[in-house]
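Visitor: This is the structure I have questions about; it appears just below.
The values are calculated or read from the model by the stated rules, or taken from the named source; none is laboratory data. These numbers were taken from a predicted model, which means no experiment stands behind them. These area figures cover heavy atoms from the full protein model, side chains too; ligands, DNA and RNA do not enter into them. Shrake-Rupley method; radii C 1.70, N 1.55, O 1.52, S 1.80 Å.
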Amino acid sequence: MRVAGAAKLVVAVAVFLLTFYVISQVFEIKMDASLGNLFARSALDSAARYAQAYFYSPEATKPPRYKCGISKSCPEKHFAFKMASGAANVVGPKICLEDNVLMSGVKNNVGRGINVALVNGKTGEVLDTKYFDMWGGDVAPFIEFLKNIPDGTVVLMATYDDGATKLTDEARRLIAELGSTSITSLGFRDNWVFCGGKGIKTKSPFEQHIKNNKDTNKYEGWPEVVEMEGCIPQKQD
């Protein structure tokens with residue numbers, strides 16, 4: 001719309017100058033050369049400034065936005081994701097996949113402990129979202145949940161407040177089988193985000209872990225928020 005307006009202005013100026021030239025020739029109008037040049041320059045400068053205002057406007061130079069707000073676009077047959085752990089015991093975690101926020105405080109579906117989103121590895125369809133209280137809750141339902149995850153499922157996890165106190169060796173082993181490396185050392189009030197899959201043959205590259213350390217904690221009693229983004233390969237038949 002604005003490009004068309006700039007083009008029309010340039011054309012209008014050119015037509016005006018051509019018309020003025022023809023009239024001056026027909027009626028032998030004597031115009032001081034410097035005044036004519038000044039007039040022409042002024043008109044062309046106005047057109048240039050109009051075009052520059054468009055091409056260098058904040059709107060025109062605004063960087064592209066990618067799914068979930070990640071820093072680059074994902075290749076074909078990949079799911080874009082971005083996630084963040086909770087902030088202390090105040091702000092809940094957030095999990096986004098393909099520009100769809102699966103879990104967040106705004107959606108009111110997160111809670112203390114380990115927050116989990118399950119996604120179909122082929123279609124990207126959300127299968128389930130749950131959180132398990134690892135401070136005051138029971139680990140048994142979490143273990144049962146982990147055992148029943150179908151093969152080929154993408155699993156996204158994020159801690160909030162404390163995600164480790166009630167974890168047992170069995171629960172840690174089941175999470176490690178999803179591709180986690182850090183789960184064996186996850187401690188009280190550590191911040192942790194992880195993306196793996198049921199049936200994965202290798203360790204997942206998508207994992208971030210910050211230890212709870214009173215000397216380095218950003219918040220009183222909790223480390224800083226840990227964030228992660230990336231592109232998950234779509235499961236092929």
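Visitor: Long-range amide H contacts for Lys203: which residues qualify at under 5 Å (H placed 1.01 Å from N, peptide plane, sequence gap of 5 or more or a different chain)?
Guide: Those qualifying (amide H under 5 Å, at least 5 residues apart or on another chain) number zero.
Visitor: Please list 3J(HN,Hα) in residue order for the stretch 218-234, calculated via the Karplus relation 6.51 cos²θ - 1.76 cosθ + 1.60 where θ = phi - 60°; whole Hz, with x for glycine and proline.
Guide: Those phi angles translate into 7, 10, 5, x, 9, x, 5, 4, 10, 10, 7, 9, x, 10, 8, x, 5 Hz.
Visitor: Now for a separate question. Explain nothing, just compute: Karplus ³J(HN,Hα) = 6.51 cos²θ - 1.76 cosθ + 1.60, θ = phi - 60°, for every residue of the stretch 80-94 in order, whole Hz, x for Gly and Pro.
Guide: Working through the residues one at a time gives 7, 9, 8, 8, 9, 6, x, 9, 6, 10, 10, 10, x, x, 9 Hz.
Visitor: Continuing with this model, one more query. Using modelled amide H (1.01 Å from N, peptide plane; none on Pro or chain starts), what sits under 5 Å from the amide H of Ala164, excluding residues fewer than 5 places away?
Guide: HN-HN under 5 Å from Ala164: Arg189.
Visitor: Taking all protein chains in place and a 1.4 Å probe, what share, in percent, of the accessible surface of the stretch 131-237 do carbon and sulfur account for?
Guide: 49 percent
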